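Presented below is the structure to which this report refers.
Each value in this text was obtained by applying a stated rule to the coordinates, not by laboratory testing. Predicted, not measured: the structure shown is a model, and the values here were computed from it.
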Amino acid sequence: MLTVLGVKIVQLVTDDSDAARCPSCATVSTSGKDWVLTRPRDLPCGGEFAVVQWRKRRWRCRTVDCVRQSFTEQVAQVPAGMRTTTRLRAALAVAVEDGRDQSEVAAAYRVSWPTVQRAVVALGAVELVEPEPTTVLGMDETRFGRPRWLPDGVHDDGRVRWVRTDPWETGFVDITGDQALLGQVDGRTSAEGTNRLIKQV
Ligand SMILES: [Zn+2]
């Protein structure tokens, strides 16, 4: 670890033999091409943030019929194309799941708001599985704001067209089972509810 102008810098290379495995044909390469330097964001250590510099190897794939000529190594903590570590993304998502504000989490971990949002979506895709069938389905309508008039395009004669929004949501609840809220959709018309019901239940 180096400290430059008060900033801790951690320099890494990986010794994971799978890092040199071609993502297309799964052959482990021994033909190094060059190096690239990346800076994946990571969790703070002991309350302190450090700049992580990962020197990654770029490998050639020598398999004759492989479509990939070269690839950059990847490890489970930093999959290809990711600029954050897996453990950082997990911590961001869990923080929001615990009720913390997304902007506050972004500031606390020194990442952007969209980075937090992507982490939340990724965790949701893992945790929010399809619900089990239910014996008795309940529907709740909830209004979550006041009706408003909003501009919705322009008429041919140049006048602005307005639409009235009436923001309702319909929730589907497992009344006799223990699954609680199964899903929630915008609107409260039978068409909106039925369409989603067919997809979800
Ligand atoms: Zn290959």
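At-a-glance table
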| quantity | calculated |
| --- | --- |
| The chain: angle of helix 86-97 to the longest principal axis, Cα-based, in degrees nearest 10 | 20 |
| Highest-MSF residue in the chain out of ARG161, ARG83, ARG58 [GNM, Cα springs under 10 Å] | ARG161 |
| Relative contact order computed over the chain (Cα-Cα under 8 Å; 6+ residues apart), in percent | 12 |
| For the chain, alpha-carbon Rg over 2.2 N^0.38 Å | 1.51 |
| Whole-number Å³ per residue for the convex hull built on Cα positions in region 63-127 | 108 |
| Prolate/oblate/rounded label for region 1-97 (Cα gyration tensor, a/c 1.5) | oblate |
| Rounded, prolate or oblate (a/c below 1.5 giving rounded, otherwise prolate when a/b exceeds b/c) for region 84-159 by Cα gyration tensor | oblate |
